[in-house]
Amino acid sequence: MADGSVRNGRWRMSTTAVRLAAVAACGALALTACGSTTDTGSASAGAGGTGKVGVILPLLTSPFWQSYNDYVPKMAKSEGVEALKTVNSNSDPSQQITDINNQLNQGVKGLVVAPLDSAAIEAGLDQAERKGVPVVAVDVAPEKGKVAMVVRANNVAYGEKACEYLGKQIPSGKVVQIMGDLASVNGRDRSEAFRACIKKNYPKLQVLEIPAKWESDTAASKLDTLLNANPDIKGIYMQAGGVYLAPTLQTLKSKGMLKKTGQAGHITIVSNDGIPQEYDAIRKGEIDATVSQPADLYAKYGMYYIKAAMEGKTFKPGPTDHDSEIVKLPSGILEDQLPAPLVTKDNVDDPELWGNTVG
């Protein structure tokens with residue numbers, strides 16, 4: 001996910017248990033994710049496009065999701081959507097299924113959900129389908145289940161951009177990727193893309209990996225241990241700046257390894273998110289780059305597509321009118337892949353970057 005979930009010691013239900021917890025109801029989903037890149041009019045009888053929309057967040061401990069949460073009511077208003085107050089699943093996939101069920105029981109006509117677990121979310125999607133309530137997934141694509149659209153950036157490109165940046169800066173040596181939760185397609189996409197890109201294009205780099213599950217404490221502890229055994233690392237790829245930035249910088253600082261850009265011993269660091277804190281770290285020379293994950297556009301197009309879904313409108317693969325492309329995933333689900341630019345010291349002050357417009 002943007003950045004996944006900070007579990008804080010919570011017990012996590014298995015995917016099977018989450019699915020069994022789903023509440024069955026009757027009905028059928030009136031909308032499927034196909035059609036054209038522009039609105040094509042009503043595709044189902046009785047889909048009026050009116051009604052309340054539930055918005056379910058994965059967590060609120062990351063600055064990225066805090067920003068997304070702030071954008072939701074603004075974008076709902078601009079898109080003409082009546083969005084209820086957001087619900088925070090607090091990094092618990094089983095709680096997220098409960099949250100979906102609660103929203104459905106309140107009679108929402110649409111749902112915008114940021115899944116915590118790409119597989120487990122199927123139980124919640126099945127509930128919505130039985131009640132004929134369309135769903136738009138934001139940030140994370142489900143492995144199964146019906147959604148009208150996934151609003152997400154290309155997470156494979158995240159890993160590739162981080163690889164290319166580090167590869168051009170570091171001729172050889174050890175680099176670390178602090179990974180997200182591999183139960184999330186985001187964590188898998190970023191990890192696999194980074195790993196494959198390094199192997200293909202920069203064979204003199206050795207990749208060391210930290211499975212951190214989007215947990216800040218886990219990242220800090222495992223990075224500390226890794227640095228004890230490998231004090232000669234040259235680069236770090238953080239898959240979620242909102243979760244990993246502070247603990248990574250603190251760990252490096254505690255070991256006397258936090259050297260600014262241009263100083264001897266500087267460790268080149270690339271991140272993902274595009275939060276203001278990352279931009280400040282780039283300006284200070286503490287990190288070198290980040291991929292800006294568009295929190296504002298996630299909120300905007302989450303509302304755009306749920307409104308379209310409730311009106312019975314459909315879409316098909318191809319370029320859009322907002323500098324993105326709708327692609328068809330192997331699962332058959334459609335995904336609008338929004339642009340996510342690389343941010344460095346050269347463009348960190350660009351006023352068009354969402355991270356420079358918040359706070």
Inset, instruction - Spot the failing condition for VAL176; the list is (1) in contact with a strand residue (DSSP E or B) (Cβ under 7 Å, 6 or more places away or on another chain); (2) open to solvent by 10 Å² or more (accessible area, probe 1.4 Å); (3) of a type in the set (A, V, I, L, M, F, W, C); (4) not in a helix (DSSP H, G or I), and only one is missed. - result: (2)
Inset, instruction - Of the conditions (1) closer than 24 Å to TRP214 by Cβ; (2) open to solvent by 20 Å² or more (accessible area, probe 1.4 Å); (3) touching a residue at least 12 places away in the same chain (Cβ under 8 Å), GLY80 clears all except one; give me its number. - result: (1)
Inset, instruction - Examine segment 209-220 for a residue that is at positive phi and of a type outside the set (Val, Ile, Thr), and state whether such a residue exists. - result: yes
Inset, instruction - Select from segment 248-280 the residues that are of a type in the set (S, T, N, Q) and open to solvent by less than 30 Å² (accessible area, probe 1.4 Å) and list them in ascending order. - result: THR248, THR251, THR268, SER271, ASN272
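Of all residues being assigned to a loop (DSSP other than H, G, I, E, B) and crowded, with 18+ Cβ neighbours inside 10 Å in segment 45-68, which is modelled with the lowest pLDDT? Just the residue, please.
Within segment 45-68, the match that is modelled with the lowest pLDDT is ALA47.
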Legend entry - Candidate set: segment 105-126, residues that are in contact with a helix residue (DSSP H, G or I) (Cβ under 6 Å, 6 or more places away or on another chain) and surrounded by fewer than 24 Cβ atoms within 10 Å (Cβ to Cβ); chosen: the one nearest to ALA83 (Cα to Cα): LYS109
Inset, instruction - Inspect all residues belonging to segment 261-268 and state whether any of them is of a type in the set (S, T, N, Q) and under 30 Å from VAL53 (Cα atoms). - result: no
Inset, instruction - Report yes if some residue within segment 148-160 is charged (D, E, K, R), within 27 Å of ALA193 (Cβ to Cβ) and modelled with pLDDT under 95; otherwise report no. - result: no
Inset, instruction - Could you run through segment 149-159 and say how many residues are farther than 26 Å from ALA128 by Cβ and crowded, with 21+ Cβ neighbours inside 10 Å? - result: 2
Inset, instruction - Mind counting the residues in segment 179-215 that are assigned to a loop (DSSP other than H, G, I, E, B), open to solvent by less than 70 Å² (accessible area, probe 1.4 Å) and either touching a residue at least 60 places away in the same chain (Cβ under 8 Å) or within 29 Å of LEU59 (Cα to Cα) (or both)? - result: 7
Legend entry - Residues of segment 190-215 classified as at pLDDT 95 or above and either within 21 Å of the chain's Cα centre (by Cα) or among the aliphatic types (A, V, I, L, M) (or both), total: 16
Legend entry - Number of the condition not met by GLY312 [criteria: (1) touching a strand residue (DSSP E or B) at 6+ places or on another chain (Cβ under 6 Å); (2) more than 30 Å from LEU252 (Cβ to Cβ)]: (1)
Inset, instruction - Please work out if GLY159 is in contact with an Asp or Glu (Cβ under 7 Å, 6 or more places away or on another chain) and part of a helix (DSSP H, G or I). - result: yes
Inset, instruction - For LYS146, indicate whether it is among the basic types (Lys, Arg), surrounded by 18 or more Cβ atoms within 10 Å (Cβ to Cβ) and closer than 30 Å to GLY265 by Cα. - result: no
Inset, instruction - Considering every residue within segment 226-239, establish whether at least one is in contact (Cβ under 8 Å) with a residue 24 or more places away in the chain, in a helix (DSSP H, G or I), open to solvent by 30 Å² or more (accessible area, probe 1.4 Å) and out of contact with any strand residue (DSSP E or B) (no Cβ under 7 Å at 6 or more places or on another chain). - result: no
Legend entry - Some residue of segment 318-339 being under 28 Å from ILE236 (Cβ atoms), in a loop (DSSP other than H, G, I, E, B) and at pLDDT below 95: yes
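The values are calculated or read from the model by the stated rules, or taken from the named source; none is laboratory data. In this text, all values refer to a predicted model and were calculated from it rather than measured experimentally. Note: ideal-geometry Cβ built from the backbone for every residue, glycine included; neighbour counts use all protein chains shown. Ligands, DNA and RNA are excluded from the accessible area calculation, which covers all protein heavy atoms including side chains. Shrake-Rupley method; radii C 1.70, N 1.55, O 1.52, S 1.80 Å.
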